[in-house]
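Okay, so here's the structure we're looking at.
The numbers here are math on the coordinates, done by the rules we state, and not lab data. Keep in mind it's a predicted model, so treat the numbers as computed, not measured. Cβ coordinates were reconstructed from backbone atoms using ideal geometry, including for glycine residues, and neighbour counts include every protein chain displayed.
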Amino acid sequence: MRLNALVVLLPALGAQGIRIIQSNDDGWAEQYARSFHNALIAAGHDAVLSAPAENKSGSGSLDIEPSPRSTPCQYDSCPANSGPIGRNETSPRLNWVNSFPATSMRYGIDTIGPQLWNGEGPELAVSGPNVGSNLYLAVQFSGTVGAAVHAAKNAKIPAIAFSGASEGTLAWNSPEEPRSRVYAELAATLTNAVIASGKPYLPEDVFLNVNFPKVEGQCTEASQFKWVLSRINVGLFSAPDTEQCGSTRLPTELSVLDTDGCYISVSVGDANDKTTAPAEKQAVVRDKLKSMLTCLP
Ligand SMILES: *[C@@H]1O[C@H](CO)[C@@H](O)[C@H](O)[C@H]1NC(C)=O
Ligand SMILES: *[C@@H]1O[C@H](CO)[C@@H](O)[C@H](O)[C@H]1NC(C)=O
């Protein structure tokens, strides 16, 4: 898709790189997060990773002060007895926090990011891409979502949670897998589109919950994927959604991922309860992303 290439290139064309804080729940040394970090840096952004020292999948919004480590970090990525927080000394943008995803996001926003940004805070928060989908009910328990929601709700920083259906853990220092590269490219494309849409990047108290289908079959290059506005929970008794594709009921993210054809779900989440945001907030996001959104067949 020509559009995607353009959006990825926007910073190179003169749009500004911004300060982005990044977290995940699979651990700071997980390859998906590192590929995404590299894509954000390549796009000209001032990205800083602040993520758990090890896999803290499924911990939702838990937030507890980090405690000193006695064992090495995930994949031997830090030595034993390294304290409660630490960083890669040769790449200080890469930081770990020995606690939960929401805690690592909080430290990234309050402490770690500002130390690298001359005291300033982040302009945008991103989380993931998670190893595995975070759809519908799973959104409540997801640490990837928990980190994004901390940013949106507690710190009032626009936030996006990314998840990829292709699973299997990968260490940061193993050869880059195509799925890690494709998810990073897709996540950077949406991030850049949100930034290019101007401030405020997202309405207050919302986060985007973005789910990529598997990287396989007809869906092996970023250009083959398409973006669909969706809702997190089933909308049986909910107020109407914003109008999109000739309807005032958006497809659920589950149904988007179940449709053949490389469809990515983009749900506008309510940071207060992790369900679908109201129609007027969906409409703001729809208008911002209009040029890249498509309809399901
Ligand atoms: C993290 O742990 C969960 C289960 O606790 C597992 O499903 C997931 O694959 C793990 N992720 C990584 C990157 O190890
Ligand atoms: C730390 O950064 C260096 C590059 O500066 C890299 O070679 C190394 O693999 C990184 N280690 C971790 C655990 O991030």
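Per residue of the chain, the DSSP helices (runs of n ≥ 4 H) give a summed -39500 (n - 2.57) that works out to -7000 deg cm²/dmol at 222 nm.
Along the chain, the exposed loop sites are trypsin sites (Lys or Arg not before Pro) outside DSSP states H, G, I, E and B with at most 15 other Cβ atoms within 10 Å, and the longest stretch free of them is 1-155. Students often get this wrong, so check it: of 156/288; 199/290; 56/290; 226/281, which have C-alpha atoms separated by over 24 Å? Distance filter (> 24 Å) returns 56/290. In the elastic network of the chain, a GNM with C-alpha springs shorter than 10 Å, the most mobile of 61, 238, 223 is 238. Centroid-to-centroid, using Cα positions, region 151-220 and region 257-295 are 13 Å apart.
Scalar couplings 3J(HN,Hα) for region 123-132, obtained by applying the Karplus form with A = 6.51, B = -1.76, C = 1.60 to θ = phi - 60°, are 9, 8, 10, 10, 9, x, x, 5, 7, x Hz; x denotes Gly and Pro. Placing unit charges on the Cβ atoms only, positive for Lys and Arg and negative for Asp and Glu, gives region 176-227 a dipole magnitude near 100 debye about its Cα centre. Annotation: amide H-H contacts under 5 Å for residue 252 (H modelled 1.01 Å from N, sequence separation of 5 or more, or interchain): 231. Working out 0.36 nm times the residue gap between residue 42 and residue 220, then minus their Cα-Cα distance, what length gain in nm do you get to one decimal? Computed gain between residue 42 and residue 220 is 62.0 nm.
The GluC sites (Glu not before Pro) of region 23-101 that DSSP puts in a loop, and whose beta carbon has at most 12 other beta carbons within 10 Å, are 89.
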